[in-house]
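See below for the structure under consideration.
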Amino acid sequence: MPTDKSPIQAKQRIIDYAVRYKKLENKSEVQIQDELKKFDRLPMNSFERFQEFIHETMIDLSVITSPIAIYYGGRDEATYEESAVEIAESVSSALIELKKFENTSHLMTLSKEKDGIYRQIIQFLGPDV
C-alpha cells in the first residue's frame, strides 16, 4: 500500500480488492454486498493503525540486508510503482530484484501472468525450492 494513502482511502482500497476477489470467486452481487456489510463495522482507527504500520515499516527499510524481490503490476496505480522503487532504494540489500509485470494489476497471483510470476519467485528463491 503506498504511503500517501489516507485511512479512508486505505479502507476503500481494501473494499475494492474484496469486491474484485469475490467476483473472481464467482459470487453473486447480492452475496458480495452481504459479505461487504462487515466492512461498515470496521472502526477507522484500525485503518489509521494500518497506515502507521506502513510508515513505521518504511522508516526501518534500511535494516533489510537480505536479498529482496519487489514485484508490481503495470496495470496498477502509478503510486504502487513509486512505492516499489522507494522500497528498492531504501533497503540495504546487495541483491535487489525490482520487476514490473506489464499486464498485471494489484492481485498479481490471480492475474493472467500468474504462472510467470510464480516462475520468477521460484527463480529468485533459488534451485533448492
Proximal aspartates and glutamates to Lys27, defined as alpha-carbon separation beneath 20 angstrom and excluding residues fewer than eight positions away on the same chain: Asp16, Glu35, Asp40
Area projected by the alpha carbon convex hull of the stretch 1-59, averaged over all directions, nm²: 4.3
Selection from Leu107, Pro7, Tyr21, by position along the positive dipole direction of the chain (Cβ): Tyr21
Listed residue pairs exceeding 23 Å between alpha carbons, taken from Lys23/Lys114; Lys11/Lys38; Lys22/Lys112; Lys37/Lys112: Lys37/Lys112
The chain, relative contact order [Cα under 8 Å, separation at least 6], %: 23
R0 of 41 Å, Cβ-Cβ distance Glu89-Leu24: FRET efficiency to nearest 0.05: 0.80
Given charges at beta-carbon only (K, R positive; D, E negative), |dipole| of the stretch 13-129 in Debye: 520
Amide H contacts of Leu98 (H built 1.01 Å from N, under 5 Å, at least 5 apart or other chain): Ile70
Estimated vicinal HN-Hα couplings, Hz - the stretch 92-101 in sequence order (Karplus 6.51, -1.76, 1.60; Gly, Pro = x): 9, 6, 6, 10, 10, 10, 10, 9, 9, 9
Net +/- balance of residues flanking Val63 in space, Cβ distance below 15 Å, scoring K and R +1, D and E -1: -3
Rg(Cα)/(2.2 N^0.38 Å) for the chain, N = residue count: 1.20
FRET efficiency, Phe124 to Asp40 (Cβ-Cβ, R0 35 Å, nearest 0.05): 0.35
Cleavage-rule hits, trypsin sites (Lys or Arg not before Pro), the stretch 1-101, DSSP coil, Cβ neighbours within 10 Å at most 16: Lys27, Arg41, Arg75
Percent breakdown of C-alpha pair distances by 5 Å bin, ordered from the shortest bin, for the stretch 67-129: 4, 19, 26, 22, 19, 8, 1
In the stretch 38-129, GluC sites (Glu not before Pro) in a DSSP loop with at most 10 other beta-carbon atoms within 10 Å: Glu102
Leading residue at positive end of dipole, the chain (Cβ point charges), from Gln33, Ile87, Tyr71: Gln33
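Each reported figure results from applying straightforward, stated rules to the coordinates on display, with no laboratory input. In this text the structure is predicted, and so the values were computed from the model without any measurement. Ideal geometry is used to build each Cβ from the backbone, glycine not excepted, and the neighbour counts take in all protein chains shown.
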